[in-house]
Every structure is written in structure tokens, then in C-alpha cells.
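Structure, as C-alpha cells:
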Amino acid sequence: MEQRQQLAKTLKPHWVWAIAFGSCIGWGAFVLPVDWMSMAGPLGVIIGYSIGALLMIIIGVSYGFLVEKLPVSGGEFAYAYYGLGRYHAFFCGWFLTLGYLSIVALNASALALLAKFTMPAYFTKMHLYSIAGWDITFGEIIVACLALIVFAYLNLRGASLSGLSQFVFCVGLVIAVVLLTIGMVFHPSSSFSNLQPLFKPGTSSIAAIAAIIAIAPWAYVGFDNIPQAAEEFDFHPSKSFKLIFWALICAGLTYAFLIIATGVGMPWMNAVDAGYMWGTGTIVENAFGRFGVLVLAFAVMMGIFTGLNGFYVSTSRLLFAMGRAKVIPDAFGKLHPKYGTPGLGIWFTMGACLIAPFFGRQALLWVVDMAALGVTIAYFYTTFVAYRLFKWSDQDTGRVRDISLVAPGRKLVALIGVISSIGFFLLLVVPGSPGFLGTPSWIALLVWIALGGIFFLTRYKNYKEIPEKDLDHYILGDYKDKESSTDSLATEPEAK
């Protein structure tokens, strides 16, 4: 059995919180408020995202338990392996990889969109071609590519640097959002009457809220970056759920603040009808001129930076864990000789995402819409495995491997998480549902499934022949053995 590569424990709790919170708040929180209000109305969006945050917290209970028991890189990939075996692990990891990669690429394209809006004289010229109605310019390609390269280098230099940078970005993000919301609410031209009607006319309030809940897995994706970084915690992993909880609470408040800041500036239905390229940007510019745009641009830039940085961390760690498990080429499971980071995973993420700017933002949105499905699948695996690990009572003989816990309350919460994950999945795949994927997204999904099938078949024989003991060592390290002697007898009051 070959030696298992191990990441250094350098991440502090507030850095990990920043990785989760900052990854939840990306470009969409600033660019899409008008689009969201067109779906549900201002109150419909706020209620929908509040319910979404609550459901994510419920799902987060399962994450917190599994991170505490199995603090290894790979997150959902490792949990699917532990609870259901190697083939489920590959399936989960494959879809999650796509989700993470596409979010990195989309955040880079959002930086190009920000440049187009704030400096149109420079970034709307040198038109090259158009794809799906999106005009692609030389300037936006350069901006997106530079961002991807810079953040790849930042992550290569070490988790301490990327973790500290993430916290600084998040502090800047919070300050800018608070200042922006206060400024818009108290501006003389603003009025809470602009938030009327509170729900989308012609649509029931329940249907409006459901449309927002359907996209909550995408809006809050990022809190699950915590388990991807678990191997690098310099603190006890029992703190994981608290970090998840506060990251989701802060993210939910941020979404609510930005809906209010956008909605009070002008009648939201007028903003929808106007079809602005960037509704929030235009509304803030009308109120505060270029200064307001600069404050908003700073907030957006911080949100984009946190998304880029956070998902570089999670994507590279997921690829590292899969490489260490021999699911993908072994080279992904090696650490950089100088910096001790998963170098190939970082460079692969950069290389794959550098292709995206050449296809335009509209085409990339098709992939991201479909990626919500992959994230939902990861939520399902985590909650389902946690449900199997929790026990109703001492007489409950249902166990998976060695870790089990008498925790009827947590088992019920995990069951609710399983049902929520299935609900999110159905909202995306059932025709006529509020979040049903469009035709381009289905095409992208089928292409990714086909690629996964081909890749799996090429590696099936070698993957199948790895002894379970070896695979346990590669994916779980020594945590399985460490937990087996104690946690199988634990009860809920004794659990942290």
C-alpha cells in the first residue's frame, strides 16, 4: 500500500467561515435581484431564500456530523464512499466536480460583466463574435482569463494565504453591502412603496416562493466547501456545524439586504420591464451616480473574489481526494513539493475554466443551471448517509460500517434533509415545475453524463480491483479505525 498524501492543518475557524459564506455570495447576489423579483416579487424572493436557508441548515446538520467524524478532503465524495461504496462515490464526485468547475468559470465571467458595465469604453469594444446572443469582446476574455490565472497562483501558494485572503474579501463584502443598503434605504428618492406588489402579479404567492426555493441549492452552494477543506482545519472539526449555520444565516441576510436595496430604488416592476443589462447597477447609479456604482462594484468584486477563491479551494480538494483514491489519475493525488497544495487540481481547474470565456456568458449559464442538479445530488448523498448512520435507539440494528450514533432527533432532521434534497431534485427535473431545466441545460447534462460514462468505463477495471482496505486508507485515512472503537456506542447526549 503506497503512502497517503496528507494536507497540512493550517485553516483557522474564521477563515473557514469566510470560505463558506463568501462562496455562497457570488456575482448572482448583485446581478440578479431584478431577475429574481420578476419571478416572485420582492417578498417572494426574501421568503423563498429564507426558507432555502432554513432547509440548507437542516441539510447542514448532516454535514456537520460527517465532517466531525470524517474530516478528510473530498467531502460528499468521501461520505458517499463510506456509506454506499466506491461506485456511488464516483457518481457523486463526478457531478460535484462539474458544479464546482462551472461556478469558478461563471465567477470569472461575472468579473468581465462588471468590467463591461463600469468601464464600457474599454470593454465593449474589439467585438470578436457572438454566441447565443452574447457579444464576446477581447477585453472580457482578457479580464476573465487573468482572474483565473491570478487565483490559481494564490491557491497554489498555500491554504493559509487563500484562507486569509478569503476572510479579508468577506469583511470588505459585508461592509460594502451594509453601507449600500443603508444608503439606498435612506436616499430621498427611495421608497418602500416601490416594493409593491410584494408578490409577482398573476402568480400565487406559494408558486412564487416555490420558484425561488427551487434555486436555493444553487444560491447557497458554497457552505459545502467546509467539508472539502476539513482535512486542513487547525481546530476540532466539531465546530463545523456552527460555521455552516452562521455562514448560511449571513448569506440569507445578504440576499435579503440586496433585494431591499434594489427594490426601494425604483418600482421593481418598472425595473423588470426596462430590461436593464444590470438592474441593481442602474438603480444604484440613478441614486448615487458613479460613486454609488463604485461602491457596488467593490461589493461585487469582493463577492466574485470570494467565489473564485472558495471554489478553487473546494474543486482542487475534491480532485485531490479523487486522485488519492485512484478514481482519476494518480497525479491529482500528489501535493506540490514546495507549497504542499494540490497543484495539479488547481492547474486543471484553471485550464478547464480558461476555455469558458471564449464561449460567452449565456452559453455558460446553461452549464451552471444544470450544475444545480449536481449539487442537489451531493446534498442527497450526504443527508442519506447521515440518516443511515444515526440510530433511533439502542435497539436499532441498522448501521453502516463502524460509525453510528443514537440520535433520534438528528435522524429525523437527516430524514427531512433527504426529503428536501429529493424535492430540490424534482423541482429541477419535473416538467412544469418552477425550476425545470431548459433544453440547453439538458443537452449539457447529457453530454456530461456521457463523458462520465466513458471515463468510468476506461477506469472501471483498475478501480474495481483496488482492495477495500486500501481504498479506505486512501479516502478515509485512519479516521475509520479511530472512530470505530468509540462512536458506535455513543448516544445523542454525549455527542458534541
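For the reader, a short list of remarks on this structure follows.
- For region 81-158, the spread of Cα positions along each principal axis, largest first, Å: 55, 35, 18
- Most positive-pole-ward Cα, Thr181, Ile103, Phe65, against dipole of the chain from beta carbon charges: Ile103
- Residues whose amide H comes within less than 5 Å of that of Lys391, counting only those at least five positions distant or on another chain, are Leu405, Val406, Ala407 (H built at 1.01 Å from N in the peptide plane).
- Heavy-atom accessible area ranking, 1.4 Å probe, most first, across His473, His236: His236, His473
- Rounded to the nearest 10 Å², the accessible area of His88 at probe 1.4 Å: 80 Å²
- Apportionment of accessible area to carbon and sulfur, the chain, percent (1.4 Å): 69 percent
- Evaluating 6.51 cos²θ - 1.76 cosθ + 1.60 at θ = phi - 60° for every residue in region 212-224, the Karplus couplings come out as 7, 4, 4, 9, 4, x, 6, 5, 9, 4, x, 5, 7 Hz, glycine and proline recorded as x.
- Against the chain, whose longest principal axis is taken from its Cα atoms, helix 408-429 shows a tilt of about 50°.
- Amide H contacts of Ala8 (H built 1.01 Å from N, in plane; Pro and chain starts excluded): no residue 5 or more places away or on another chain comes under 5 Å.
- Over the chain - Rg/Rh using Cα atoms and the Kirkwood inverse-distance radius: 0.97
- Lys12 exposes around 80 Å² of accessible area when a 1.4 Å probe is run over every protein chain in place.
- Amide proton proximity set for Ile136, modelled H, under 5 Å, gap of 5+: Leu128, Tyr129, Ser130, Ile131
- Using alpha-carbon coordinates, inclination of helix 42-69 to the longest axis of the chain, degrees: 20 degrees
- Reachable lysines, given that their alpha-carbon falls under 19 Å from the alpha-carbon of Lys338 and they are not under 8 places away in the same chain: Lys9
- Taking 21 Å as the straight-line reach from the Cα of Lys326, the lysines in range (excluding those fewer than 8 positions away in the same chain) are Lys334, Lys461, Lys464, Lys469, Lys480.
- Length gained when the stretch Lys12-Ile355 is fully extended (0.36 nm per residue, less Cα-Cα span): 120.1 nm
- Of interest is the spacing of the C-alpha centroids, which for region 83-138 and region 231-245 amounts to 30 Å.
- Note on region 1-57: percent of Cα-Cα distances in each 10 Å bin, starting at 0 and stopping at the bin with the largest distance, equals 18, 32, 23, 15, 9, 3.
- Seen against the Cα atoms of the chain and their longest principal axis, helix 13-24 is set at about 50 degrees.
- Exposure rank, largest accessible area first [Ile449, Ile47, Ile212; 1.4 Å]: Ile449, Ile47, Ile212
- Residue-normalised accessible area of the chain, expressed per residue, 1.4 Å probe, Å²: 38 Å²
- Listed by chain and number, the lysines whose C-alpha is less than 28 Å from the C-alpha of Lys116, apart from same-chain residues fewer than 8 away, are Lys125.
- Accessible heavy-atom area order of Glu465, Glu68, highest first, probe of 1.4 Å: Glu465, Glu68
- Tyr87 exposes around 90 Å² of accessible area when a 1.4 Å probe is run over every protein chain in place.
- Residue-wise HN-Hα couplings along region 184-193, as the Karplus relation 6.51 cos²θ - 1.76 cosθ + 1.60 with θ = phi - 60° gives them from phi, are 5, 5, 9, 5, x, 7, 7, 7, 5, 5 Hz; Gly and Pro carry x.
- Taking Cα centre as origin and charging only the Cβ of basic (Lys, Arg, +1) and acidic (Asp, Glu, -1) residues, the dipole magnitude of the chain rounds to 420 debye.
The values are calculated or read from the model by the stated rules, or taken from the named source; none is laboratory data. Keep in mind it's a predicted model, so treat the numbers as computed, not measured. Note that each Cβ is placed from the backbone with ideal geometry, even for glycine, and that neighbours are counted across all protein chains shown. These area figures cover heavy atoms from the full protein model, side chains too; ligands, DNA and RNA do not enter into them. Shrake-Rupley method; radii C 1.70, N 1.55, O 1.52, S 1.80 Å.
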